[in-house]
Amino acid sequence: MWYHSQAVPVGETPSRTLYYRPKPRLRVINTDLASRVKLALERFPTYGYRRLACVLGENRKRIQRILQLKG
């Protein structure tokens, strides 16, 4: 076990940064958009997330997240 005084010299890093624990986020998928992505992938199987985003007129980050989570 270590103490704050041993880890970082005083004044260099805020103590809140040292003890920060991120909260796990639940990823929610838009089912309507996911079904549209699936249909577009069946029609264009060689398209990547960028081209699918252009075809669907959606944000590429949303399309990429759906493809990553759905597999």
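Some values worked out for this structure:
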item: Kirkwood-based Rg to Rh ratio, region 25-71, C-alpha trace; result: 0.94
item: Whole-Hz couplings from phi, Karplus 6.51/-1.76/1.60, listed for region 28-34; x for Gly and Pro; result: 9, 9, 6, 5, 5, 5, 5
item: Simple spin-label estimate for Leu18 and Leu39 in nanometres, 7 Å along Cα-Cβ; result: 5.6 nm
item: Region 25-71 - percent relative contact order, Cα under 8 Å, separation 6 or more; result: 31 percent
item: Additional length obtainable on full extension of the chain from Tyr47 to Lys70, 0.36 nm per residue less Cα span; result: 6.7 nm
item: Cβ crowding within 10 Å averaged over residues, with 51-60, 13-22 ranked highest first; result: 51-60, 13-22
item: Estimated inter-spin distance, Thr31 and Lys61, nm [label 7 Å along Cα→Cβ]; result: 2.6 nm
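Read-outs: derived from the displayed coordinates by stated rules, not from any lab. Small disclaimer: the values here were computed from a predicted structure and weren't measured. Please note: Cβ atoms are built from the backbone with ideal geometry, for glycine as well, and neighbour counts cover all protein chains shown.
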